[in-house]
Amino acid sequence: MCAGKRLLGNRNAVLLLAMGGGLVFGHGAQWTKGLTIPALALVMTVTCMGIPGGMFRSPRDLVASTLTALMMNFLVLGGVLYLLSALVIHDHEIKQGFFIMMCMPPGVAVIPFTTFLNGDSKISVLGTVGAYLGALVITPVALFWFLGSSLVSPLKLFLIVLELILIPLGLAWLSRRTGLSEKIAPIKGAITNWGFFVVVYTIVGLNRQFFFESPLSLLPVAASALASTFLLGALIELAGKTCGIDGRRRTSLVLLGTIKNYGLAGGIALYFFEKQTAVPAAVSAVFLVIYLIWLGYKKNSA
């Protein structure tokens, strides 16, 4: 019984269960589709509850970390995704999915995995929060630029950004002020894990036919996902060593430079476009889970 509880509380096990469940029992994704946006908002809220207010007292640190996160996530990772989509992706809906991923801020997994991998928490936390605030402007403008205003309703996009970024940040701040965050802290990990379960299960479940009926068509997407995680992460690590950057800071740069919010990308793709547009986010989420498991194994074996 205890072993089962530990298994169901393990982030990697929950994410693998979501992927397997989406592939085998994906028909239920039609029912969970409407839960993806609330689940993402909940994950964002509880993740930001753990951000200490004292971290934001230095405007200089906030600006420097934000610029670092914007450079690594939007310029480096976003640029790599754009290059990969131009080189290997030819399907119109799939390419739209790549454009959506490019416009997303860092994944919320950056913050907890920085702690787990002994990275620089100040850069990761301040950078991630700053990038999300920057995403209030960058994401809508970039989506309009790449996808066109005729494809994305400005009002709906504003509401999505409000629901998934601004409101969760405000609720997280309010929970810290009222002490509610301390009461939620013991179950914060479970809320985050199972919130991601809903998102990953839904994205994979809605696109399960592509995994089974057209596996060869997914090879370019899988190759791109592999390149934007394992290969790009190794290149960032190598560049950091060459430039003399210390190990903790390199870890944060690797995470900021390889983790997009693919759950948010999938949610927006499902909200605005055909479900096939969410395929890149689904495949990238699978490879990201494997990549994070590998980073943990690499740390433990070092």
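Coordinate-derived values only; no laboratory data. Predicted model, so just to flag it, every value in this text is computed and none were measured. Because the Cβ atoms are built from the backbone with ideal geometry, glycine has one as well, and the counts that use them run over all protein chains shown.
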One point scatterer per Cα, no solvent, Debye formula: log10 I(q)/I(0) for segment 210-302 at q = 0.16, 0.19, 0.24 Å⁻¹ comes out as -0.72, -0.91, -1.20
Relative packing of 22-34, 197-209, 286-298, which averages over residues the other C-beta atoms within 10 Å, highest first | 197-209, 286-298, 22-34
Spatially proximal lysines relative to K241 (Cα-Cα < 19 Å; intrachain offsets below 8 disregarded) | K298, K299
Taking amide H positions as placed 1.01 Å from N in the peptide plane, with prolines and chain starts having none, which residues 5 or more places from K260, or on another chain, fall under 5 Å of its amide H?
-> G107
Lysines whose Cα lies under 17 Å from that of K275, excluding same-chain neighbours fewer than 8 positions away = K33, K95
Please state, as a whole number in µm²/s, the translational diffusion coefficient that the Stokes-Einstein equation yields for segment 60-101 at 4 °C and 1.567 mPa s, with Rh defined as the Kirkwood radius across alpha carbon pairs.
-> 114 µm²/s
Which whole-Hz couplings ³J(HN,Hα) result when phi for each residue of segment 166-177 is put into the Karplus expression 6.51 cos²θ - 1.76 cosθ + 1.60, θ = phi - 60°, listed in order with x for Gly and Pro?
-> 6, 5, x, 4, x, 5, 5, 4, 5, 5, 5, 5
Phi-based couplings in Hz for segment 266-275 (Karplus 6.51, -1.76, 1.60; Gly and Pro marked x) | x, x, 5, 4, 5, 6, 9, 10, 5, 4
Leading residue at positive end of dipole, the chain (Cβ point charges), from S175, M101, S85 | S175
Here the Cα Rg-to-2.2 N^0.38 Å ratio for the chain is 0.94
Once you have all Cα-Cα distances for segment 83-123, histogram them in 5 Å bins from zero and send the whole-percent values.
-> 5, 20, 19, 12, 11, 12, 13, 7, 0
Taking only the Cα positions of segment 28-111, the convex hull volume per residue in Å³ is 116 Å³
Any idea what the alpha-carbon Rg over 2.2 N^0.38 Å comes to for segment 147-296?
-> 1.23
How large is log10 I(q)/I(0) at q = 0.15 Å⁻¹ when the Debye formula is applied to the Cα atoms of segment 72-211, each weighted equally and without solvent?
-> -0.98
If you put +1 on each Lys and Arg Cβ and -1 on each Asp and Glu Cβ, how big is the dipole of the chain around its Cα centre, in Debye rounded to 20?
-> 820 debye
Total formal charge among the other residues, if their Cβ is under 15 angstrom from that of I236, Lys/Arg +1 and Asp/Glu -1 | +3
Listed with the fewest Cβ neighbours within 10 Å leading, L264, L143, L75 appear as L75, L143, L264
